[in-house]
Amino acid sequence: MFTRRQALMSVAAAATLAAIPLVAAHATEAEVAALPREKVALVAPPFVHVHDLVAKGGPKVVEFTMAIEEKPVVIDDEGTVLQGMTFNGSIPGPMMVVHEGDYVELTLVNPGSNSMPHNIDFHAATGGLGGGALTLINPGEQVKLRFKATRTGTFVYHCAPEGAMIPWHVVSGMSGTIMVLPRDGLKNEKGEPLSYDKVFYIGENDFYVPRDQDGNFKAYESHGDSYADTLQVMKGLIPTHVVFNGAKGALTGDNAMKARVGETVLIVHSQANRDTRPHLIGGHGDYVWEEGKFANPPAQDLETWFIRGGSAGAALYTFLQPGVYAYVNHNLIEAVELGATAHFLVEGDWNDDLMKQIEAPGPIPSL
Ligand SMILES: [Cu+2]
């Protein structure tokens, strides 16, 4: 039986899809072994590795490798140092993209230079603490996890070792996102295809840096030295920094994300620990999957959208005017004072029809 979505597709496209051999719900190891494999090199956010919006061919095994890196990270203009923990050296960790039905095969490396055990919990995975139960590794070890991407959407992954280590590792930087695309791509509420020219991944983090008696942020020699003080600040639930991509200013000025008028951009926004509310000043969310899950129809024309702590959402927008757009957490105190601001630099021609200054600022005429 044809679904409404299939009925909307061309006969040729439907025939192509029907010819794709699908792996059974419970594939045997031999069936998985027979699948094509693709090795993907991850790139640091806000960029995302090259991928197809619509899958070519049937399911495959997509191989990723990430090394965990514990390292000090400068998180603001004042040189405040966070004892950071990272997937692949970046905060957030890199975004992975696969299609529904693909298998994700991750090699997770915990180099001997690190000091702590780590693991990875994929919200996109099923069972075993999202993989966390099968991936806990000590410094000097690596592990390989495979899971089947059975649900579409943008999903957070994060480190989840145990107890108080879990929130500490997450608020020290250990989270990222995987996007599982429908095999036939994104669609609007009518089942019509949606596409993007560019995708940017913005990970928002709340940091909790202890202060000394004079109110200055404290620096520590090691993660272990910082732990007790940091935990006290964390328990107060008031972050000292709320930033995009690991540091205040990481995506502003020279680091602005670039687009052109007429280009459609997919903005994926994650927050592994705390609620947030992205807003594109001077723009909109044309189509927004607030919860990030593509089985649900996108909301349209949003001004601000809500990202629940522990999730990633996706917003599609076609830029219609040139200029610098601030993309903020619309708790404006967090945006301006704590750092949660990014910039899009958009080039192209101004559209007077959408906005025009009819009269320049000047003195109020006397009566
Ligand atoms: Cu960890």
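The values are calculated or read from the model by the stated rules, or taken from the named source; none is laboratory data. Quick caveat, the model's predicted, so the values are computed rather than measured. Here Cβ is always computed from backbone atoms with ideal geometry, including for glycine, and neighbour counts include all displayed protein chains. Accessible surface is based on the protein model in full, side chains and every heavy atom, while ligands, DNA and RNA are left aside. Shrake-Rupley method; radii C 1.70, N 1.55, O 1.52, S 1.80 Å.
Which pairs turn up if I take residues in the stretch 148-170 that are within 13 Å of GLY130 (Cα to Cα) and within 11 Å of the ligand (Cβ to nearest atom) and look for partners that are in a strand (DSSP E or B) and not aromatic (Phe, Trp, Tyr) with beta carbon separation below 6 Å, at least 6 apart in sequence or on another chain?
HIS158/ASP121; HIS158/SER175; CYS159/HIS118; ALA160/ASP121
Does LYS56 meet the test of being within 16 Å of the ligand (Cβ to nearest atom) and at pLDDT 95 or above?
Working: within 16 Å of the ligand (Cβ to nearest atom): no; at pLDDT 95 or above: yes.
So LYS56 does not fit the description; no.
Residues being assigned to a loop (DSSP other than H, G, I, E, B) and in contact (Cβ under 8 Å) with a residue 24 or more places away in the chain: count how many of those fall in the stretch 53-93. Let's see the steps before the verdict.
In the first step, residues of the stretch 53-93 are kept if they are assigned to a loop (DSSP other than H, G, I, E, B); the result is 53-60, 75-80, 88-89, 91-93.
Checking which are in contact (Cβ under 8 Å) with a residue 24 or more places away in the chain leaves us with 53-55, 57-60, 75-78, 80, 88-89, 91-93.
Residues in the stretch 53-93 being assigned to a loop (DSSP other than H, G, I, E, B) and in contact (Cβ under 8 Å) with a residue 24 or more places away in the chain: 17 in total.
Report the residue count in the stretch 296-310 for those that are open to solvent by less than 70 Å² (accessible area, probe 1.4 Å), in a loop (DSSP other than H, G, I, E, B) and over 20 Å from ASN188 (Cβ atoms).
The total comes to 2.
Counting only residues that are polar (S, T, N, Q) and within 12 Å of the ligand (Cβ to nearest atom), which one in the stretch 171-182 is surrounded by the fewest Cβ atoms within 10 Å (Cβ to Cβ)?
So in the stretch 171-182, the residues polar (S, T, N, Q) come out as 172, 175, 177.
Right, trim to within 12 Å of the ligand (Cβ to nearest atom) and you get 172, 175.
Numbers: SER172: 25, SER175: 30.
Among those that are polar (S, T, N, Q) and within 12 Å of the ligand (Cβ to nearest atom), it is SER172.
If I go through the stretch 317-330 residue by residue, how many of them are in contact (Cβ under 8 Å) with a residue 60 or more places away in the chain and within 13 Å of THR276 (Cβ to Cβ)?
2
Checking the structure you have, find out if any residue of the stretch 198-209 is surrounded by fewer than 20 Cβ atoms within 10 Å (Cβ to Cβ) and either acidic (Asp, Glu) or assigned to a loop (DSSP other than H, G, I, E, B) (or both).
Of the residues in the stretch 198-209, the ones surrounded by fewer than 20 Cβ atoms within 10 Å (Cβ to Cβ) are 198.
Those still in the list that are either acidic (Asp, Glu) or assigned to a loop (DSSP other than H, G, I, E, B) (or both) too: none.
Checking the stretch 198-209: not a single residue is surrounded by fewer than 20 Cβ atoms within 10 Å (Cβ to Cβ) and either acidic (Asp, Glu) or assigned to a loop (DSSP other than H, G, I, E, B) (or both).
Could you check, for the stretch 20-39, whether at least one of its residues is closer than 30 Å to LYS248 by Cα, aliphatic (A, V, I, L, M) and modelled with pLDDT of 95 or more?
no
Condition first: assigned to a strand (DSSP E or B) and either within 11 Å of the ligand (Cβ to nearest atom) or acidic (Asp, Glu) (or both). Now tell me which residues in the stretch 126-147 satisfy that.
First, pick out the residues of the stretch 126-147 that are assigned to a strand (DSSP E or B): 137, 141-147.
Result: ILE137, GLU141.
Within the stretch 59-101, track down each residue that is in contact with an Asp or Glu (Cβ under 6 Å, 6 or more places away or on another chain), away from the ligand (no atom under 16 Å from the Cβ) and either over 29 Å from GLY112 (Cβ atoms) or of a type outside the set (A, V, I, L, M, F, W, C) (or both).
First, pick out the residues of the stretch 59-101 that are in contact with an Asp or Glu (Cβ under 6 Å, 6 or more places away or on another chain): 59-63, 85-86, 89.
Subset that is away from the ligand (no atom under 16 Å from the Cβ): 59-63.
Answer for the stretch 59-101, where residues must be in contact with an Asp or Glu (Cβ under 6 Å, 6 or more places away or on another chain), away from the ligand (no atom under 16 Å from the Cβ) and either over 29 Å from GLY112 (Cβ atoms) or of a type outside the set (A, V, I, L, M, F, W, C) (or both): PRO59, LYS60, GLU63.
Quick one: count up the residues across the stretch 68-97 that are open to solvent by 40 Å² or more (accessible area, probe 1.4 Å) and either under 30 Å from ALA27 (Cβ atoms) or touching a helix residue (DSSP H, G or I) at 6+ places or on another chain (Cβ under 6 Å) (or both).
Qualifying residue count, the stretch 68-97: 1.
Under the condition of being farther than 23 Å from GLY140 by Cα and of a type in the set (Asp, Glu), which residue from the stretch 98-113 is surrounded by the most Cβ atoms within 10 Å (Cβ to Cβ)?
This residue is ASP102.
Name every residue in the stretch 108-125 that is more than 9 Å from the ligand (Cβ to nearest atom) and closer than 19 Å to MET96 by Cα, in order of residue number.
If the condition is that a residue be more than 9 Å from the ligand (Cβ to nearest atom) and closer than 19 Å to MET96 by Cα, then LEU108, VAL109, ASP121, PHE122, HIS123, ALA124, ALA125 are the ones that fit.
Restricted to the stretch 148-170, and to residues that are closer than 30 Å to HIS241 by Cβ and among the aliphatic types (A, V, I, L, M), which residue is surrounded by the fewest Cβ atoms within 10 Å (Cβ to Cβ)?
Narrowing the stretch 148-170 to residues closer than 30 Å to HIS241 by Cβ: 153-170.
Checking the rest, the ones that are also among the aliphatic types (A, V, I, L, M) come to 156, 160, 164-166, 170.
Working: VAL156: 28, ALA160: 24, ALA164: 12, MET165: 17, ILE166: 18, VAL170: 22.
By that ranking, first place goes to ALA164.
Each row is one residue, and each column tells you yes or no for (1) part of a loop (DSSP other than H, G, I, E, B); (2) open to solvent by 20 Å² or more (accessible area, probe 1.4 Å); (3) modelled with pLDDT of 95 or more; (4) not hydrophobic (A, V, I, L, M, F, W, C).
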{"site": "PRO239", "(1), (2), (3), (4)": "yes, no, yes, yes"}
{"site": "SER270", "(1), (2), (3), (4)": "no, no, yes, yes"}
{"site": "HIS279", "(1), (2), (3), (4)": "no, yes, yes, yes"}
{"site": "ALA314", "(1), (2), (3), (4)": "no, no, yes, no"}
{"site": "ALA335", "(1), (2), (3), (4)": "no, no, yes, no"}
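For the stretch 138-147, check the following and say yes or no: at least one residue is surrounded by fewer than 18 Cβ atoms within 10 Å (Cβ to Cβ) and in contact with a Gly (Cβ under 7 Å, 6 or more places away or on another chain).
Applying the first criterion (surrounded by fewer than 18 Cβ atoms within 10 Å (Cβ to Cβ)) to the stretch 138-147 yields 138-144, 146.
Narrowing the set further to residues that are in contact with a Gly (Cβ under 7 Å, 6 or more places away or on another chain) leaves 139-140.
Yes, some residue in the stretch 138-147 is surrounded by fewer than 18 Cβ atoms within 10 Å (Cβ to Cβ) and in contact with a Gly (Cβ under 7 Å, 6 or more places away or on another chain).
Mind counting the residues in the stretch 107-128 that are among the hydroxyl-bearing types (Ser, Thr, Tyr) and closer than 21 Å to GLN83 by Cα? Working first, answer last.
Residues of the stretch 107-128 among the hydroxyl-bearing types (Ser, Thr, Tyr): 107, 113, 115, 126.
With closer than 21 Å to GLN83 by Cα added as a condition, the list becomes 113, 115.
Of the residues in that region, 2 qualify.
Check VAL104 against each of (1) touching a residue at least 60 places away in the same chain (Cβ under 8 Å); (2) closer than 29 Å to LEU266 by Cα; (3) within 15 Å of the ligand (Cβ to nearest atom); (4) part of a strand (DSSP E or B) and name the one condition it does not meet.
Here VAL104 clears every test but (3).
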